[in-house]
């Protein structure tokens, strides 16, 4: 269990980097449900992310799934490794498979996310 992470109801994880930015990706549960990830539609650096709004897309052999911004802010970095190796999301959802980094507009939004324990209990991962 990734105790330092927070989660959304839509299975995105968030790591508070401690510098006003967060790193996000999708949970192990989400990548299992999707199956083999074959493409990630990454946003552009500088794009705005609005909490709860779709801003990216992950495609697998089974389905395409929107990614929802867990917080409001500006995309400051994308994981370019995913462009050539989208399977990193399956292989390492909590480290090498991270998707974007976002500069927070309001750090208080982190308080509205689920703790790792609550998420895992709700999703029986």
Within region 43-63, is even one residue on the phi > 0 side of the Ramachandran plot and at pLDDT 95 or above? yes
Is it true that some residue in region 78-93 is surrounded by fewer than 16 Cβ atoms within 10 Å (Cβ to Cβ) and touching a helix residue (DSSP H, G or I) at 6+ places or on another chain (Cβ under 7 Å)? yes
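May I ask you to list the residues in region 91-101 that are over 21 Å from residue 54 (Cβ atoms) and under 13 Å from the mean Cα position of the chain (by Cα)?
Selection gives 92, 94, 95, 96.
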Could you grab me the full set of residues in region 21-46 that are in contact with a helix residue (DSSP H, G or I) (Cβ under 9 Å, 6 or more places away or on another chain) and over 22 Å from residue 80 (Cβ atoms)? 29, 32, 35
Would you check which residues across region 1-51 are within 13 Å of residue 107 (Cα to Cα) and either in a helix (DSSP H, G or I) or out of contact with any strand residue (DSSP E or B) (no Cβ under 7 Å at 6 or more places or on another chain) (or both) and list them? 18, 19, 51
So which residues in region 53-76 are in contact with a strand residue (DSSP E or B) (Cβ under 8 Å, 6 or more places away or on another chain) and exposed (fewer than 14 other Cβ atoms within 10 Å of the Cβ), if there are any at all? 53, 54, 61, 64, 66
Please verify whether residue 99 is in contact with a helix residue (DSSP H, G or I) (Cβ under 8 Å, 6 or more places away or on another chain) and surrounded by 18 or more Cβ atoms within 10 Å (Cβ to Cβ), treating the condition exactly as stated. yes
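The values are calculated or read from the model by the stated rules, or taken from the named source; none is laboratory data. A quick note: this is a predicted structure, and the numbers were derived from the prediction, not measured. Note that we place each Cβ from the backbone using ideal geometry, even for glycine, and neighbour counts take in every protein chain shown.
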